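Here it is, the structure, as structure tokens.
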Number of protein chains: 2
Amino acid sequence: MEMEKTKSAGYLANHMARLFASGLQARIKPLGLAPAQFMTLLELWNRDGLTQKELVVLLDVEQATMANTIRRMERDGLIERKAHPKDGRAQSIFLTEKARQVEADAVIAAKTQNAEALEGLAHAERTQFLDLMSRVITNMRDRASEKS
Amino acid sequence: MEMEKTKSAGYLANHMARLFASGLQARIKPLGLAPAQFMTLLELWNRDGLTQKELVVLLDVEQATMANTIRRMERDGLIERKAHPKDGRAQSIFLTEKARQVEADAVIAAKTQNAEALEGLAHAERTQFLDLMSRVITNMRDRASEKS
DNA sequence: TATATATACATAGCGAGCTATCTAAAAGGA
DNA sequence: TCCTTTTAGATAGCTCGCTATGTATATATA
């Protein structure tokens, strides 16, 4: 039973994601951001005052993962937590001035990384690439949630 | 400057790779394997007695990453290290009987995971998906090596 | 040959993902 | 109202990436 890794979608997905992450990391490190922090900031730049739970749903990571990411972001002065007005268990997460200031540069960095990765792909290929990834994600997400 | 994460190749690549990894993990955990161990075993099932350095090149991970993966594989009784006959710095890595015994089941698990992920894609779409990922990987790899 | 450089591997320390488990508050039901 | 269940979050402990650095052996050069 042969298994050629260069023809395995899973192997390629892992390899590709690592290259995206390290490329993005190099670009945003000067801004004081790490990749998961950037992804979280994307949601917060869009709308402030979310709870940890809301971020978990938006980014589709486990609660424990988000708890740690948020802790590092607080440590790094990117966010502040305030008591939730209605729910004593929850906290609302707000951006600091520092986080607001890096938005433009960080978004440019991410767009540049994406552009570099997709270099040499025709417009239609790019569209299809995003579509195929979305469909594959949907396949696996649905299958995963079925089991719970 | 808007940034829609569902249209960002990097975001999708990360999400997809996490789903592949957790799907594979669930399937091979009963065999006593973790995902990175499986990827390493794919090379060793193909050819035994490789050095750590050779595995680093084949899997395109950092040397320190491979050193840790190998240590866990040794701990778990999947490999044994023997002194390299020609080079006093290096070690040759050999499979244990245990590692050989799980090959067939592990390969089936990985193929099943890939098949599930690609469900609903036409044959031509699957081919193109692998091709697009390969080209994107090449883009980023070349760019990364340029800088060193 | 003696020294300098390059290479193979180990280790420390961090980010980011995961599962499992705990606490405290909220919500629901008897 | 009281008790049970659910939910929000924290924490411990693991894998697997990474960078940076140290050590010992090989190799190359003066």
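The values are calculated or read from the model by the stated rules, or taken from the named source; none is laboratory data. If you're wondering where the values come from, they're calculated on a predicted model, not measured in any experiment. Note that each Cβ is placed from the backbone with ideal geometry, even for glycine, and that neighbours are counted across all protein chains shown.
Answer yes if at least one residue in segment B:66-81 is part of a loop (DSSP other than H, G, I, E, B), of a type in the set (Gly, Ala, Ser), more than 11 Å from DNA strand C (Cβ to nearest atom) and at pLDDT 95 or above, and no otherwise.
Within segment B:66-81, the first condition is being part of a loop (DSSP other than H, G, I, E, B), and the residues that meet it are B:76-78.
Among the residues that remain, those that are also of a type in the set (Gly, Ala, Ser) are: B:77.
From what is left, the residues that are more than 11 Å from DNA strand C (Cβ to nearest atom) are B:77.
From what's left, at pLDDT 95 or above: B:77.
Yes: segment B:66-81 contains one or more residues that are part of a loop (DSSP other than H, G, I, E, B), of a type in the set (Gly, Ala, Ser), more than 11 Å from DNA strand C (Cβ to nearest atom) and at pLDDT 95 or above.
Which ones in segment B:68-93 are surrounded by fewer than 14 Cβ atoms within 10 Å (Cβ to Cβ) and of a type in the set (A, V, I, L, M)?
Matches in segment B:68-93: B:83 only.
Of all residues in segment A:43-66 being closer than 16 Å to residue A:94 by Cα and in contact (Cβ under 8 Å) with a residue 40 or more places away in the chain, which is nearest to the other protein chains (Cβ to nearest Cβ)?
Ranking the candidates gives A:45 first.
Would you mind stating whether residue A:73 is among the aliphatic types (A, V, I, L, M) and more than 8 Å from chain B (Cβ to nearest Cβ)?
On the way: among the aliphatic types (A, V, I, L, M): yes; more than 8 Å from chain B (Cβ to nearest Cβ): yes.
Yes.
Pairs needed: first member in segment A:120-137, closer than 17 Å to residue B:123 by Cβ; second member anywhere, part of a helix (DSSP H, G or I); C-beta distance under 6 Å; at least 6 residues apart or different chains.
Once the first residue is closer than 17 Å to residue B:123 by Cβ and sits in segment A:120-137, its partners that are part of a helix (DSSP H, G or I) give A:132/B:129; A:136/B:16; A:136/B:117.
Anything in segment B:100-137 that is polar (S, T, N, Q), farther than 21 Å from residue B:56 by Cα and surrounded by fewer than 18 Cβ atoms within 10 Å (Cβ to Cβ)? List them, or say none.
We begin by selecting, within segment B:100-137, every residue polar (S, T, N, Q); these are B:101, B:112-114, B:127-128, B:134.
Narrowing further to those that are farther than 21 Å from residue B:56 by Cα: B:101, B:112-114, B:127-128.
Within segment B:100-137, B:101, B:112, B:127, B:128 meet the criteria.
Can I ask one more? Quick one: would you say residue B:97 is modelled with pLDDT of 95 or more, under 15 Å from the mean Cα position of the chain (by Cα), loosely packed, with under 13 Cβ neighbours inside 10 Å and not basic (Lys, Arg)?
On the way: modelled with pLDDT of 95 or more: yes; under 15 Å from the mean Cα position of the chain (by Cα): no; loosely packed, with under 13 Cβ neighbours inside 10 Å: yes; not basic (Lys, Arg): yes.
In short, no.
Only one residue in B:61, B:56 is within 21 Å of residue B:33 (Cβ to Cβ) and assigned to a helix (DSSP H, G or I), so which one is that? I'd like the intermediate steps shown before the answer.
Details: B:61 fails: assigned to a helix (DSSP H, G or I).
Of B:61, B:56, the one residue that is within 21 Å of residue B:33 (Cβ to Cβ) and assigned to a helix (DSSP H, G or I) is B:56.
Look through segment B:19-33, keep the residues that are within 10 Å of DNA strand C (Cβ to nearest atom) and surrounded by fewer than 18 Cβ atoms within 10 Å (Cβ to Cβ), and return whichever of them is farthest from residue B:137 (Cα to Cα).
Within segment B:19-33, the subset within 10 Å of DNA strand C (Cβ to nearest atom) is B:19, B:21-22, B:25-26, B:29.
In the following step, the residues that additionally are surrounded by fewer than 18 Cβ atoms within 10 Å (Cβ to Cβ) were identified as B:22, B:25-26, B:29.
Numbers: B:22: 21, B:25: 23, B:26: 26, B:29: 28 Å.
Step by step, filter segment B:19-33, then rank; the result is B:29.
Further, regarding this structure: In segment B:25-40, which residues are away from chain A (no Cβ under 13 Å), more than 9 Å from DNA strand D (Cβ to nearest atom) and assigned to a helix (DSSP H, G or I)?
Matches in segment B:25-40: B:29, B:30, B:31.
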